[in-house]
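The values are calculated or read from the model by the stated rules, or taken from the named source; none is laboratory data. For clarity, every value in this text was computed on a predicted model and none was experimentally measured. Because the Cβ atoms are built from the backbone with ideal geometry, glycine has one as well, and the counts that use them run over all protein chains shown.
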Amino acid sequence: MKIIYYCYGGTHSSVLAAAIHTGQLVSKGVPSKKQINDLALYDKISKKELGRPFFYGADEFGNLVYVLGLGSKRELIKEFLLDYLKLFNIKTEEIILVAALPYVSSFTKIGGFLSRRLGLVSLGRPIVTYTLQKLYPEYDNLVSQVKAKLRNID
Amino acid sequence: MKIIFYSSRDNKLAKWIAYSYLNYINSEQITKKIEDIFLEDDDLFKNNLCYLGNSSDNCQVIALGCYGQNNIILNLITALNNIYSIQEEVILINIDSIYNSSINLGLKAIDFKLQGLGFLLLKKGIIAERSKINKLVEEIKERIEID
């Protein structure tokens, strides 16, 4: 199976979820700012890389985990992704697309915008990281739900 | 081989050109085909990547509307081809150069429910671009023959 965590930019909330999923962050307890800031791809992906899935690691079931930024028209791009694979007779049942954006706050979005769009990394990144720390339990819970689903599929 | 005609807007003009490639449109059918294609339900998310048929050179012909998301979609195509080791060649044809002011006005008029005027302008605009469309179609056919 391929698990794709997606959000607007594929570099904050989806990275956090993918890191939890692949065991790069402990599942219990809120990670420190440094732990989040040190995550691979965290606050690194640029606008021109939207639409490019980045491999993040494998989970304990052997599933491959990716992060993906889909921009503002996420439903459109999701449909496209699945339709494109169907054109080549690729089984789309083996892909789980997980939205990582619904949990983020307005402050996360503002921080992300400042850092990625305006290049104000020193201002934007701390805001995003702080808000993701606050939202960490939500992401932990999201990943638990995804893993429960995977156990049922297996 | 797959040929994807894509537009940075919806997939309707891309469909028109794809049908031209498939030889589904002749001079007598222009008005009817314009109405058929441009009156279709405009569902943003469904059937946006639309398989239309196989050409005489046995290529699958597809139309796609990118709704301003060209870069994201093109990145995704490249990435999916790599991830799934898709070997089959995919030819991407951007049809944005076909839009002219008459087509743009026609589309606006249809949006505003002025369908009579809209289709008149669309037909005028598409006929004005027929030679460009035919040239594009011929170029693709030649490219495929060479491949």
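Taking the stretch B:74-121 as the range and being within 14 Å of chain A (Cβ to nearest Cβ), in a helix (DSSP H, G or I) and not hydroxyl-bearing (Ser, Thr, Tyr) as the test, the residues that pass are B:LEU74, B:ASN75, B:LEU76, B:ILE77, B:ALA79, B:LEU80, B:ASN81, B:ASN82, B:ILE83.
Of all residues being more than 7 Å from every other protein chain (Cβ to nearest Cβ) and on the phi < 0 side of the Ramachandran plot in the stretch B:63-73, which is surrounded by the most Cβ atoms within 10 Å (Cβ to Cβ)? Just the residue, please. So, considering only residues that are more than 7 Å from every other protein chain (Cβ to nearest Cβ) and on the phi < 0 side of the Ramachandran plot, the one surrounded by the most Cβ atoms within 10 Å (Cβ to Cβ) is B:ALA63. Just checking, which of A:SER105, A:SER144 is in contact with a helix residue (DSSP H, G or I) (Cβ under 7 Å, 6 or more places away or on another chain), more than 17 Å from A:TYR6 (Cβ to Cβ) and either at the interface with another protein chain (Cβ under 10 Å from one of its Cβ atoms) or small (Gly, Ala, Ser) (or both)? Unique residue meeting the criteria: A:SER105. A residue that is modelled with pLDDT under 90 and not in a loop (DSSP other than H, G, I, E, B) occurs nowhere in the stretch B:56-65.
The set of residues in the stretch A:33-62 being more than 25 Å from A:ARG117 (Cα to Cα) and either aliphatic (A, V, I, L, M) or free of Cβ contacts under 8 Å to residues at least 60 places away in the same chain (or both) consists of A:GLY57, A:ALA58, A:GLU60, A:GLY62.
Pairing residues of the stretch A:142-154 that are in contact (Cβ under 8 Å) with a residue 60 or more places away in the chain and surrounded by 13 or more Cβ atoms within 10 Å (Cβ to Cβ) with residues that are part of a helix (DSSP H, G or I) and β-branched (Val, Ile, Thr), at Cβ distances under 8 Å and at least 6 apart in sequence or on separate chains, gives A:VAL143/A:ILE20. The test for being assigned to a helix (DSSP H, G or I) and farther than 13 Å from A:GLY10 by Cα does not hold for A:PHE61. Do we find a residue being touching a Phe, Trp or Tyr at 6+ places or on another chain (Cβ under 6 Å) and in contact (Cβ under 8 Å) with a residue 12 or more places away in the chain anywhere in the stretch B:16-30? Yes; the residues of the stretch B:16-30 include at least one that is touching a Phe, Trp or Tyr at 6+ places or on another chain (Cβ under 6 Å) and in contact (Cβ under 8 Å) with a residue 12 or more places away in the chain. Taking the stretch A:61-86 as the range and being surrounded by fewer than 18 Cβ atoms within 10 Å (Cβ to Cβ) and within 7 Å of chain B (Cβ to nearest Cβ) as the test, only A:GLU75 passes.
One residue stands out in the stretch B:9-28 among those that are under 17 Å from B:GLY125 (Cβ atoms) and surrounded by fewer than 19 Cβ atoms within 10 Å (Cβ to Cβ): the one that is modelled with the lowest pLDDT, namely B:SER27.
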